[in-house]
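So the structure is just underneath, and the comments pick up after that.
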Amino acid sequence: MTEVYVSVDIESDGPCPGLNSMLQLGAVAFDEWGKELDSFQRNLELLPEATQNASTMEWWSGRQNVYDATRVDTVSPQMAMKAMDSWLLTLGARPVFVAYPAGFDFTFVYWYMHKFIGGCRFGFQALDLKSYASAVLSRGFKNTVKSKMPAHWFEGLPEHNHVAVDDAREQGMLYFRMREARRGL
């Protein structure tokens, strides 16, 4: 195995790393055939210099129990990033960052890893599921939204519940459904 697909999801209190804090980091590793290998999750302490985004916190107010769960057993961002980096090493292959949307989740992980451990084992690239779906479906990017993707891609997937490791698992499984659809073309 030369690559391992690491589906990553984060929860945050705003849209921008550094200005806002990552609350929770979840990742699920899959082999090249879509078999789950392992998972990782940490709740992070807030950045002392960051602020909470009012719109994001309003959104969280409708999910208070999930938000509250991100505040349990928090660790420092440095501890979380060191733990994730060590976990990535145990996977035994080059990690490929997978997310939906990668532009959000990757930005946080990349920033946090550079700030707190001096580098990012993922490099500076990520596989974006929306872009991949756009190519598989031969559809424009803006018109590629989950509600317009084939329903069978989502059958039996875990519920999207804003618990980072659960959402990472869901999107990782979705990626392999997309790959299977691509093979069938």
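The values are calculated or read from the model by the stated rules, or taken from the named source; none is laboratory data. Values in this document were obtained by computation on a predicted structure and should not be read as measured data. When we count neighbours, we look across all protein chains shown, and the Cβ atoms used for this are built from the backbone with ideal geometry, even at glycine.
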| query | What about Ala80, is it of a type outside the set (D, E, K, R) and farther than 14 Å from Cys120 by Cα? | reply | no
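Residue-wise test of (1) surrounded by 19 or more Cβ atoms within 10 Å (Cβ to Cβ); (2) at pLDDT 95 or above; (3) in contact with a helix residue (DSSP H, G or I) (Cβ under 6 Å, 6 or more places away or on another chain).
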| position | (1), (2), (3) |
| --- | --- |
| Met79 | no, yes, no |
| Tyr100 | yes, yes, yes |
| Asp105 | yes, yes, no |
| Arg177 | yes, yes, yes |
| remark: Over region 167-185, the set of residues among the small types (Gly, Ala, Ser) and over 17 Å from the mean Cα position of the chain (by Cα) is Ala181, Gly184
| field | Among residues of region 128-155, those that are over 21 Å from the mean Cα position of the chain (by Cα), not in a helix (DSSP H, G or I) and not small (Gly, Ala, Ser), counted | value | 3
| remark: Among strands (runs of 3 or more DSSP E) entirely inside region 1-82, those with 1 or more residues being of a type in the set (D, E, K, R) and more than 16 Å from the chain's Cα centre (by Cα) are 3-12
